[in-house]
Amino acid sequence: MSANASKLINLTLKVWRQKGPDVKGGLETYEAKDISTDMSFLEMFDVVNEGLILEGKDPISFDHDCREGICGACGAVVNGRAHGPEEGTTLCQLHMRHFDDGDVVVVEPWRSKAFKIVKDLVVDRSALDKIIQAGGYISVNTGGAPDANAIPIAQEVSDLAMDAASCIGCGACVASCPNASAMLFVGAKVSQLKLLPQGDIESAKRAVTMVETMDSLGFGNCTNEGECEVECPKGISITNIARLNRSYFKARSLFKKGVN
Amino acid sequence: MNSFLNTIWSSIGKKWVMAITGLSFCGFLVFHLLGNLTVYGGPELFNWYVEHLHSLGVLIKIAEWVLLFLFLVHVITGLLLAYENYRARPVRYAVSKTAGGRTLGSRSMAITGILILAFVVFHLLTFRSAGQKEVGDLMILTNWFHRPEMVAAYIMAMAVAALHVSHGFWSAFQTLGAGHSGRKSKFKTAGIILSLVVAFGFGCIPVFISMVS
């Protein structure tokens, strides 16, 4: 039997249960028995939920969609770490082989004033959508598609833009930030558009409106702790936050009273 | 509200205020340390430095007021940011672990900041008021650092200041948009070197004086 072969483990889960947005919640203890180490964290939840349903109890609510780390729907704080202890993974990519038999696993929802709890581990992340609506777009004329290579873009620049664009909007940066700040998210979105010539045109207005919206939603202020970069499942760098800081002030110095 | 106030009141604006005032204090620390190093040259050199500093007259008064203004802005903005950040997470995590981004310096900025505030008040009440009594300037230092508890208190205060600088210096450059390489930035290394200079540069002076006297 190889060392990588799957085995069955038993865990004690302490999961945040909360019936609704304005109801008081609390941690409840569940035994997760005979969990295959080949399962993902979400599949482990599925097994536990099947047990709860058979017992006639309310299953644990959690967000999930693609279960392959690209949609950004899933996410919870596992033993104090956003998306669990592994770096560069979402919760659905976290496998149970990273846990030992008998472990106590505490699972909590993303905590931020801007993210209201819908139920249990499901949080309302529409605050991030509001930031996107405020400026996370480019304006183009409709009509025939332009020539593919009409605007040359250096490979290094397109790589940087692509790195920033790999953000899946899961909210782990906010959840892991000691200040519940959304600066990595906004930094990534501003960067991905600003770096490319098509998006650079509106970059001043975008930086101002996205930061204003972010501030109005109750997110904290960035104190450059760097936790977000480590917890980001896509490994997005805080250099994007520095770029946002630059863009914001360049924009503010360009913006005259009344224009914005 | 006009555009300038809007900018200053935004989250990034307040961070810029912290960065610019904070970097000013880094500059002040360097000049303060350069002056203090004359202690090693003996009483004559040190008293020469103090006399020349006092002879600047109105310039010193202006510098003091500017520093006081920057200090108040830094403290008030810092406390406001800390309060806002606390408010941004109304329900705390039951289990909270660092992923490895935070440092001892970064996680203790508010606490070290308040300790530095307390130290600066104490430092000014003792040394600044003493300096105006026309006593031999080095005498004040030797009287003061004759007491081992004062030497220990000053060394601890400098360790706290160094911890604050270790995150603050780098963080200021990141906030001003210069952090091109993020967590592996050269500014981070520079900040740690500056914090060591502060810790050892200032920290050794009380030890030296207590040993000489």
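Among B:Leu163, B:Leu79, B:Leu104, rank each residue by its count of other Cβ atoms within 10 Å, from fewest to most, as a rough exposure measure. Walk me through the numbers before you get to the answer.
Numbers: B:Leu163 23, B:Leu79 14, B:Leu104 10.
Listing B:Leu163, B:Leu79, B:Leu104 from fewest to most nearby Cβ atoms yields B:Leu104, B:Leu79, B:Leu163.
Relative to the Cα centre, what is the charge dipole magnitude of the protein assembly as shown, using +1 at the beta carbon of each Lys and Arg, -1 at the beta carbon of each Asp and Glu, and rounding to the nearest 20 debye?
The calculated dipole for the protein assembly as shown is roughly 1360 debye.
Could you order the peptides B:25-32, A:154-161 from most to least packed, using the average number of other C-beta atoms within 10 Å per residue? Let's see the in-between values first.
Values: B:25-32: 14.9, A:154-161: 12.1.
Ranking the peptides B:25-32, A:154-161 by packing returns B:25-32, A:154-161.
Take chain B, mark every one of the trypsin sites (Lys or Arg not before Pro) that falls in a DSSP loop and has at most 13 other Cβ within 10 Å, then report the longest stretch left between them, sites excluded. Write out the running numbers ahead of the final one.
Values: sites that count: B:Arg92, B:Lys133.
Counting at most 13 other Cβ atoms within 10 Å as exposed, the longest clean stretch of chain B is B:1-91.
Under the Karplus relation 6.51 cos²θ - 1.76 cosθ + 1.60, θ = phi - 60°, what is the ordered set of whole-Hz ³J(HN,Hα) values for the range A:68-79, x standing for Gly and Pro?
My calculation for the range A:68-79 gives 9, x, 10, 8, x, 7, 7, x, 7, 8, 10, 6 Hz in order.
Name the long-range amide H neighbours of A:Ala182: under 5 Å, sequence gap of 5 or more, or other chain; modelled H, no Pro or chain starts.
A:Gly220
Tell me, what is the percent relative contact order of chain A, built from C-alpha pairs under 8 Å that lie six or more residues apart?
Working: 472 pairs, mean separation 48.3, N = 260.
The normalised contact order for chain A reaches 19 percent.
Would you be so kind as to identify which of A:Cys66, A:Ser247, A:Val106 lies farthest towards the positive end of the dipole of chain A, taking Lys and Arg as +1 and Asp and Glu as -1 on Cβ and the Cα centre as origin?
After comparing all options, I get A:Ser247.
Which value, in nm² and rounded to one decimal, describes the direction-averaged projected area of the C-alpha convex hull of the range A:8-116? Mind showing how you got there, number by number?
Working: hull surface 27.9 nm².
The Cα convex hull of the range A:8-116, projected and averaged over all directions, gives 7.0 nm².
What value, in deg cm²/dmol to 500, does the helix sum -39500 (n - 2.57) over DSSP H runs of n ≥ 4 give at 222 nm once divided by the residues of chain B?
Dividing the helical sum by the residues of chain B leaves -25000 deg cm²/dmol.
Work out the mean other chain Cβ neighbour count within 10 Å for the residues of A:213-221 and drop it here as an integer.
Values: counts 0, 3, 7, 0, 1, 5, 5, 9, 13.
Partner-chain Cβ atoms within 10 Å, mean over residues of A:213-221: 5.
Taking only C-alpha pairs under 8 Å that are 6+ residues apart, what is the relative contact order of the range A:1-53 in percent?
35
Looking at chain B, what % of the alpha carbon pairs are farther apart than 23 Å?
On the way: 11999 of 22578 pairs.
Result for the distance tail: 53 percent.
Cα centroid distance between the range A:156-191 and the range B:41-91, in Å?
36
Using the per-residue mean of other Cβ atoms lying within 10 Å as a proxy for protection, in what order, highest first, do the peptides A:174-183, A:21-30, B:198-207 fall? If you can, show how the numbers build up before the last one.
Details: A:174-183: 27.4, A:21-30: 11.7, B:198-207: 18.9.
Per-residue mean Cβ counts within 10 Å order the peptides as A:174-183, B:198-207, A:21-30.
Starting from the Cα of A:Glu55, step 7 Å along the direction of its Cβ; do the same at B:His54; then give the gap between the two resulting points in nm.
Output for this residue pair reads 7.9 nm.
Distance cut-off 21 Å, Cα to Cα: go down the list A:Lys116/A:Lys234; A:Lys14/B:Lys97; B:Lys14/B:Lys186; A:Lys7/A:Lys234 and report the pairs above it. Walk me through the numbers on the way to the answer.
Values: A:Lys116/A:Lys234 24 Å; A:Lys14/B:Lys97 16 Å; B:Lys14/B:Lys186 24 Å; A:Lys7/A:Lys234 29 Å.
Too far apart for the 21 Å limit: A:Lys116/A:Lys234; B:Lys14/B:Lys186; A:Lys7/A:Lys234.
Direction-averaged shadow area of the convex hull around the Cα atoms of the protein assembly as shown, nm²?
Details: hull surface 124.6 nm².
If you wrap the Cα atoms of the protein assembly as shown in a convex hull and average its projections, you get 31.1 nm².
What list of ³J(HN,Hα) couplings, whole Hz, do you get for the range B:200-212 from phi and the Karplus terms 6.51, -1.76, 1.60, once you set θ to phi - 60° and write x for glycine and proline?
Using θ = phi - 60°, the values come out as 7, x, 7, x, 6, 4, x, 5, 4, 5, 5, 6, 6 Hz.
Between A:Lys205 and B:Phe4, what is the label-to-label distance in nm when each label sits 7 Å out along the Cα-to-Cβ direction?
2.6
To the nearest whole number, what is the average tally of beta carbon atoms from other chains within 10 Å of the beta carbons of peptide A:125-137?
Numbers: counts 0, 0, 0, 0, 0, 0, 0, 0, 0, 0, 0, 0, 0.
Neighbouring Cβ atoms belonging to other protein chains average 0 per residue here.
If each of A:Met162 and B:Val121 carries a label point 7 Å out from its Cα toward its Cβ, how far apart are those two points in nm?
Using points 7 Å along Cα→Cβ, the separation is 5.6 nm.
For the range A:201-207, take each phi angle, set θ = phi - 60°, evaluate the Karplus expression 6.51 cos²θ - 1.76 cosθ + 1.60, and give the result in whole Hz per residue in order, putting x for glycine and proline.
Result, rounded to whole Hz: 4, 9, 5, 5, 4, 4, 4.
Normalising by the residue count of the range A:8-116, find the relative contact order in percent from Cα pairs under 8 Å and 6+ residues apart. Write down the numbers at each step before the final one.
Numbers: 187 pairs, mean separation 35.0, N = 109.
Worked out over the range A:8-116, it gives 32 percent.
The numbers here are math on the coordinates, done by the rules we state, and not lab data. Predicted, not measured: the structure shown is a model, and the values here were computed from it. Positions of Cβ are generated from backbone atoms using ideal geometry, with glycine treated the same way; all protein chains shown enter the neighbour counts.
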